[in-house]
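Taking it in order: structure first as structure tokens, then the write-up.
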Amino acid sequence: EHDLSNKVFLIPGGYPRLDQNILKLNQIPYNRNKTKIVVAPTVSMREAPDCDLTYLAPFLPDLLMRLANEFPLAEIELRLHPQDISDLFAKRSCNFRHFLEEACVITEKISNISLSVGDNGYTRSLHADILISDTSSFAYTFFFSTGKPVIFLSPGNERIKYHDKFQKLASIRIRDEIGVSVDSVDAAVETCNSYLANDGKQCNDWESLRSN
């Protein structure tokens, strides 16, 4: 009746969520004259296999203090996963709990560091000049929404590169195409400085990769 066939036609239509992000970014005003750095670790209160290699949580307190000292005029935002916030309030036991608690205390004490959770300010987080993350899906949303680079900070980044389990994951394999992988706070801060000093210019073709 409908003259159906088994032919399949692929119509390039984009990714609706990213399209909406881009639309919202153009509608929300922000201070282009002020550097913004967002730190967004993956959910850390629910430990996963080999999370000691991937989670940046142990670096959080030192990273926030170093960023605040290195970039005193910048706006620094800690974006915790909503599950972590829930688990912190529920007093869930976890090896990484004290790192997150200390990080939250720092956001209350240091004037240029703020805490953002859940959907509150989600789009505003995308206005960052640079994102520091680990295995959080927000890292990929950030890059493909903005074309701006990500610093992937994980303790075991060098080991991950040669780990069969991780190299099977496309999200791990493309890390160095959408950002820079580092395994220390020193390297993360140095990369931030390098990126900001070059006014966003990188050796990788960020916009071309996003369009592909």
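Of the residues S154, S137, the single one that is over 23 Å from K34 (Cα atoms) and surrounded by 16 or more Cβ atoms within 10 Å (Cβ to Cβ) is S154.
Is there a residue being touching a Phe, Trp or Tyr at 6+ places or on another chain (Cβ under 7 Å), at pLDDT below 95 and not aliphatic (A, V, I, L, M) anywhere in the stretch 93-109? Yes, the stretch 93-109 has at least one match. Within the stretch 128-160, the set of residues being within 23 Å of N69 (Cβ to Cβ), of a type outside the set (S, T, N, Q) and in contact (Cβ under 8 Å) with a residue 60 or more places away in the chain comprises A128, D129, I130, L131, I132, D134, L153, P155. Within the stretch 59-87, residues that are closer than 21 Å to A197 by Cβ reach partners that are among the acidic types (D, E) and outside any helix (DSSP H, G or I) with beta carbons closer than 9 Å, at six or more positions or on different chains, in the pairs A74/D129. Looking only at residues in the stretch 102-115 that are touching a helix residue (DSSP H, G or I) at 6+ places or on another chain (Cβ under 7 Å) and without any contact (Cβ under 8 Å) to a residue 40 or more places away in the chain, the one that is least open to solvent (accessible area, probe 1.4 Å) is S114.
The values are calculated or read from the model by the stated rules, or taken from the named source; none is laboratory data. Model, not experiment: these values are computed from the prediction. With ideal geometry, Cβ positions are generated from the backbone for all residues, glycine too; neighbour counts draw on all protein chains shown. For accessibility, only protein heavy atoms count, side chains too; no ligands or nucleic acids. Shrake-Rupley method; radii C 1.70, N 1.55, O 1.52, S 1.80 Å.
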